[in-house]
Each structure stands twice: as structure tokens, then as C-alpha cells.
1. Taking region 210-225, which residues are in a loop (DSSP other than H, G, I, E, B) and either of a type outside the set (Gly, Ala, Ser) or in contact (Cβ under 8 Å) with a residue 60 or more places away in the chain (or both)?
2. Taking the options Val371, Val334, Val386, Val300, name whichever one is β-branched (Val, Ile, Thr) and closer than 18 Å to Ala189 by Cβ.
3. So which of Leu36, Leu84, Leu47, Leu78 is surrounded by 12 or more Cβ atoms within 10 Å (Cβ to Cβ), within 23 Å of the chain's Cα centre (by Cα) and under 24 Å from Ile214 (Cα atoms)?
4. For Ile256, which of the numbered conditions (1) touching a Ser or Thr at 6+ places or on another chain (Cβ under 8 Å); (2) more than 13 Å from the ligand (Cβ to nearest atom) fails to hold?
5. Within region 147-170, identify whether any single residue is free of Cβ contacts under 8 Å to residues at least 12 places away in the same chain and on the phi > 0 side of the Ramachandran plot, and answer yes or no.
6. Tell me whether region 107-128 contains one or more residues that are within 27 Å of Leu331 (Cβ to Cβ), surrounded by fewer than 20 Cβ atoms within 10 Å (Cβ to Cβ) and either within 19 Å of the chain's Cα centre (by Cα) or of a type in the set (Val, Ile, Thr) (or both).
7. Please determine, by comparing only the residues of region 196-232 that are under 27 Å from Ile291 (Cα atoms), small (Gly, Ala, Ser) and more than 16 Å from the ligand (Cβ to nearest atom), which one is surrounded by the fewest Cβ atoms within 10 Å (Cβ to Cβ).
8. I'd like to verify a number: residues in region 96-153 that are among the acidic types (Asp, Glu) and more than 16 Å from the ligand (Cβ to nearest atom), how many?
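A short reminder: the numbers here are calculations on the coordinates, not readings from a lab. The structure displayed is predicted, hence computed values, not measured ones. So basically every Cβ, Gly included, is an ideal-geometry build from the backbone, and we count neighbours across all protein chains shown.
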Amino acid sequence: MTTFETPLMRLVARPPIVMSHGSGSWLVDESGRRYLDFVQGWAVNALGHAPAELRAALSEQSGRLLTPSPAFFNRPALELSRLLAQDLQLDQVFFANSGAEANDGALKLARRWAQRHRPGAFKVITTHNGFHGRTLATMAASGKPGWDLVAPPNLPGFVKVDYGDIAALEASIDEETCAVMLEPIQGEAGVIVPPSHYLRDVRRLATEHGVLLIADEIQTGCARTGRLLCCQHDDVRADIVTLGKGLGGGVALGAILATNAAAAFQPGDHGSTFGGNPLATACGLAVWNTIRAPEFLETVAARGRYLRAGLEHLLQRHPHLLQSVRGAGLLWAVELRRPQAVAIQEQCLADGLLINAPRDHVLRLMPQLRVSEAEIDEMLERLGQVLNRAERETRS
Ligand SMILES: *Cc1c(COP(=O)(O)O)cnc(C)c1O
């Protein structure tokens with residue numbers, strides 16, 4: 001594969017393709033090749049590529065006001081914060097520009113809360129293989145193998161436990177603990193769905209021990225799993241929730257939501273130059289107004305069931321290659337028997353299908369939330385052909 005000469009830092013192995021434009025589930029490169037996109041900017045384009053709702057919001061808002069500075073209110077931020085608080089049953093909202101910025105702020109908020117309500121506490125319990133972002137604090141919070149070696153010394157104050165292990169979590173809470181932070185489904189780890197009672201047990205423990213629960217819903221929130229938040233499936237309300245990815249539908253937007261009891265920031269404690277600017281929040285509003293409709297959420301759940309059935313069918317047809325499928329809503333993973341994920345991803349790319357390989361053994365699918373059944377069929381057909389070839393090669 002040839003590569004480009006470019007001053008862009010080489011931080012991911014990019015194929016020598018320049019993406020040009022897109023529509024819905026389809027992405028087109030500069031040579032005119034079309035790709036069926038089941039990655040969607042890593043679960044970012046909730047409504048697909050170049051959706052009409054976002055084009056309207058962008059052109060309307062860009063002709064009106066880009067930013068009045070965070071020292072003034074703007075109408076889209078007021079309106080979006082009102083809807084988020086109402087729909088998610090949380091009281092206060094802070095807008096950021098990315099998931100990592102939202103999580104970094106959430107960690108800071110938890111420490112600030114502890115100063116007043118749990119003096120001496122500063123430690124946050126997080127999970128092995130969890131993913132919370134790439135700032136120094138969110139890297140320290142993450143449990144991605146090897147990340148502790150990237151830029152030491154690492155920010156202290158993080159205690160890691162196995163995801164899904166409620167006894168380990170309980171054992172690690174002490175008087176210095178201020179919060180537990182986790183994803184309701186671990187996304188980057190390979191769509192790891194916890195045991196059924198886990199989230200409720202974590203909620204109960206956090207309440208019993210008087211520490212905060214921070215739910216990182218950056219990947220699982222915004223209707224990805226068929227509810228506005230993944231935690232809603234279990235009737236769990238976290239004290240602090242972070243959103244990103246799908247919230248802006250392709251435009252950079254993140255958010256911290258908190259209960260009044262947890263929202264301990266005082267004026268001057270936190271802020272962001274671009275955070276909550278009306279261009280980004282107008283886009284968030286266009287996305288949120290679309291996804292909050294009950295019919296929209298029902299359709300995501302139905303398409304998720306359709307995708308699941310199709311993946312289970314593939315599993316039956318390729319028992320030597322595939323081990324299991326798991327996920328919720330429109331966030332799915334296929335566990336492979338061998339570390340072939342990158343090879344399969346590259347084969348799919350060559351066949352005009354974009355899927356993601358977050359781990360050696362795992363393929364991940366995160367289509368736009370309005371993906372059609374016909375597009376799911378087309379994805380299954382293309383992936384099936386790649387698997388057929390891989391099977392023949394493995395046998396010969
Ligand atoms: C993507 C992701 C982040 C980081 O978001 P960025 O916008 O890349 O900073 C944090 N947490 C989870 C669960 C994510 O999936």
C-alpha cells in the first residue's frame with residue numbers, strides 16, 4: 001500500500017484514500033469510489049453523512065451568530081441544555097468540544113464535589129480496558145493496555161478494577177474515593193456488555209458509600225443503544241453523565257450533565273472558549289430533536305434487532321472464523337476466533353465496506369442510526385463474501 005507524504009502526524013495507519021463527501025450511509029472518496037459506512041466517524045454521525053437537519057442548522061446558524069463568547073447566553077445552548085436536562089432527568093449542563101474534554105471536566109467536577117462533601121477524597125475508580133479519552137487525565141482514567149507507558153508520570157488518583165466485577169469494585173472503595181467512572185458498555189474495548197445487574201449494583205454501591213457515579217455515555221448515549229442513554233435500560237441514573245460523539249452528529253460537541261447535588265463547580269472553576277458555542281449547539285439541537293422522538297428510538301431498536309439477527313446468521317455460517325456476537329441497539333461487535341480483525345477490515349475496505357477493528361479479535365459495527373434494512377443486508381452480504389474468502393484461505 002502506498003502512503004502519502006504529508007506533515008500530518010502519523011498517529012493511525014491511514015490508507016492512501018482521501019474522503020470527499022457522503023450521504024446517509026455512504027461515503028465517497030476523491031476518485032469517486034463509494035463505501036458503505038458502518039463506522040460513521042466512530043459512531044459520530046448519528047444521522048449519517050450530510051443529513052438535511054444538520055445542513056439546515058449549520059447554514060441557518062452560521063449566517064446568524066458563530067459565537068458571542070462564553071460570557072453571554074446564546075439561544076441554541078439554552079434550548080439544548082433545557083432538553084437534555086429534561087429528557088435525561090439531570091439538572092445542570094456544561095458544553096465541551098469533545099468527549100475527552102467532557103470527561104476531563106467530569107473528573108475535575110468529582111474532585112471539586114469531594115472537597116465540599118467528602119474531604120480528603122480524590123481517587124476515582126475506573127475499569128481495566130475502559131476508554132475515556134486522550135488528555136493526560138482521561139488517559140490515566142482509561143484502562144487501555146500500554147497507555148501508562150505513553151507519557152509518564154501518569155496523573156495519580158485512579159484505581160482500576162475489572163469491568164463487571166462488583167466485588168472488586170466494592171473492595172476498592174475507601175475514604176479517599178470520590179467517584180466511580182465507567183462506560184455502561186465498554187466501546188473501544190470491543191463492545192463489552194456487562195452482566196445484567198452490574199450497573200444497578202454499581203449505582204447502589206456508589207450511593208451506599210457516598211461516592212459519585214460518573215457514566216461515560218460518549219459512545220453509548222444519544223440513542224446508540226435504542227434509548228437516549230444506555231443506563232436508562234437499567235433505570236440507572238448516574239450523578240454525572242458525559243456525552244460526545246453522536247451529540248453533534250458530526251460537529252464537535254460534548255457535554256457534562258450533573259445532578260444539582262453533584263454540580264459543585266463555582267464560578268471560575270471551569271470553562272471553555274468554544275464550549276457551548278451556538279454553531280455547535282444548534283447542530284446538537286437538530287440531532288437531539290430528531291433522536292428524542294419515541295418513533296425514532298423504536299426504529300433504532302428494531303434495526304438493532306435486525307442487525308443482530310443478521311450477525312447471528314453469519315455466526316452460524318462461519319463457526320470456524322467467528323466466535324460470538326454482542327452489543328445493543330446499533331452498537332455491535334463480532335468476536336473472531338483468531339486475531340484477523342485488521343485483515344478482515346482491510347478486505348472489507350477493498351470491497352467498499354467500512355467496518356472497524358478495535359482489537360485484534362474484534363470487528364465493530366456502528367452504523368448511522370437511520371441505517372435501512374437494505375443497507376444492513378448489503379453490509380452482511382459484503383462482509384459474508386470477505387468471510388467466505390478468509391475461510392477458503394484458512395483451509396488451503
Ligand atoms: C470516543 C470516546 C471518548 C473520547 O472522545 P473524544 O471526542 O475522542 O475525545 C471517551 N469515552 C468514550 C466511551 C468514547 O467512546
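1. Scanning region 210-225 gives Gly210, Val211, Glu217, Ile218, Gln219, Thr220, Cys222, Ala223, Arg224, Thr225.
2. Going through Val371, Val334, Val386, Val300 in turn, just one is β-branched (Val, Ile, Thr) and closer than 18 Å to Ala189 by Cβ: Val334.
3. Leu84
4. So Ile256 meets the others, but not (2).
5. no
6. yes
7. Among residues in region 196-232 that are under 27 Å from Ile291 (Cα atoms), small (Gly, Ala, Ser) and more than 16 Å from the ligand (Cβ to nearest atom), the one surrounded by the fewest Cβ atoms within 10 Å (Cβ to Cβ) is Ser196.
8. 1
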